[in-house]
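All of the numbers you see were taken from the coordinates with simple rules; none came from a lab. Bear in mind the structure is a predicted one, so any value in this text is a computation, not a measurement. Cβ: placed from backbone, ideal geometry, glycine included. Neighbour counts: every protein chain shown.
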Amino acid sequence: MKKTTPLVEQLRSLPRPERRSQVEELALTEFRTALLMSEGEDLPLDQNYFDLGLTSLRVTEIKQRLEAQLGCAIDTAVLFAAPTLDRLVDYLQNEILPKLTGESTASEGRAASTVSPGRKALVTDLLNDLYKE
């Protein structure tokens, strides 16, 4: 089993609603550091961080630091497809943290509730036919 980081252990001990504020603070700290901002400076969560002056190289560095602190991979597409802190925090809260803490992710919950057993069997059959050797 993969060893969890101290940050993940701390997040695991918090009630789910409090985790978002911790993850948000983590992301804000990393972005403020990359933008050479002080802790007290306002960094809008809904503004494109490339418009704030970040480059793709800096965003990649932030991604690597977040991955090291969380002990898991972060989808690069999330950082570039919708480049706002709010969307990144949503992704971390709803997709990454549940995997790290052993909960089901938001997308797994949606998938489980929207895919009927018959449809799932049809998709499985189609995939099996497609990948036959």
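Converting phi to 3J(HN,Hα) with the Karplus coefficients 6.51, -1.76 and 1.60 and the offset θ = phi - 60°, segment 86-103 yields 4, 5, 4, 5, 4, 4, 4, 5, 9, 10, 8, 4, x, 5, 6, 9, x, 9 Hz in sequence order, with x at every glycine or proline. Using the Cβ-Cβ distance between ARG12 and ARG65 with R0 set to 22 Å, the FRET efficiency works out to roughly 0.65.
Applying a DSSP loop filter and a limit of 16 other Cβ atoms within 10 Å to the chymotrypsin sites (Phe, Trp or Tyr not before Pro) in segment 1-92 leaves PHE50.
Scaled against 2.2 N^0.38 Å for its residue count N, the alpha carbon radius of gyration of segment 1-57 is 1.37.
Kindly state, to the nearest 0.05, the FRET efficiency for LEU36 paired with LYS99, given R0 = 41 Å and r defined as their beta-carbon distance. In this case the efficiency is close to 0.80.
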